[in-house]
Amino acid sequence: MSEICDDIDAFAAQVGNAASLMGLDLGTKTIGVAISDRLQTVATPRETIKRKKFGIDADAIDRLIADNQIAGIVLGLPMNMDGSEGPRAQSTRAFSRNLSARITVPIFFWDERLSTVAAERALLEADMSRKKRADVIDNVAASYILQGVLDRLSHIRRG
């Protein structure tokens, strides 16, 4: 069973600074996945998991953890623009509780407001077709979520 960290300092202490982290953008139909390098400097979009049942989704995440020696998961938390939590945030918290019972790495929430908007803008600037954007938007959004945490961890470690 893993710990769900509310504090980035506690998360940083658990994951160390020489192991890859995974970012997840949890949607109703898909889960975007991004993975960092071992030095925790760059988040790279990896894949999009088509959601099925929780157990199947969790098995896919667990395989990615094992295959990539992941030290921790950053889960995008969909906050309302006023900072409150709505039904989607509650659903994400429930998913994390269920996932934490099946994995051993810590989970940390990161405010994902506007991550999908930023990802969409970047893909538009790259002149990507609508079809191709639809295929990669979730894992690009996951990379924005993860990169936010990587940047914050870097700032904390520099003191």
Failed condition for residue 82, given (1) acidic (Asp, Glu); (2) over 11 Å from the mean Cα position of the chain (by Cα); (3) under 22 Å from residue 137 (Cα atoms): (3)
Any idea which residue in region 11-59 is surrounded by the fewest Cβ atoms within 10 Å (Cβ to Cβ), counting only those that are free of Cβ contacts under 8 Å to residues at least 40 places away in the same chain and out of contact with any Lys or Arg (no Cβ under 9 Å at 6 or more places or on another chain)? 53
Which numbered condition residue 109 misses (of (1) in a loop (DSSP other than H, G, I, E, B); (2) touching a Leu at 6+ places or on another chain (Cβ under 7 Å)): (1)
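Where in region 1-79 are there strands (runs of 3 or more DSSP E), lying fully within it, with 2 or more residues that are farther than 18 Å from residue 97 by Cβ and of a type in the set (A, V, I, L, M)?
Values: elements: 20-26, 30-36, 43-50, 70-77.
Here the list reads 30-36, 43-50, 70-77.
None of the figures in this text is laboratory data; all of them are computed from the coordinates on show. Note that the structure is a prediction, hence the values are computed from the model and not measured. Every residue, glycine as well, gets a Cβ built from its backbone with ideal geometry; the counts of neighbours run over all protein chains shown.
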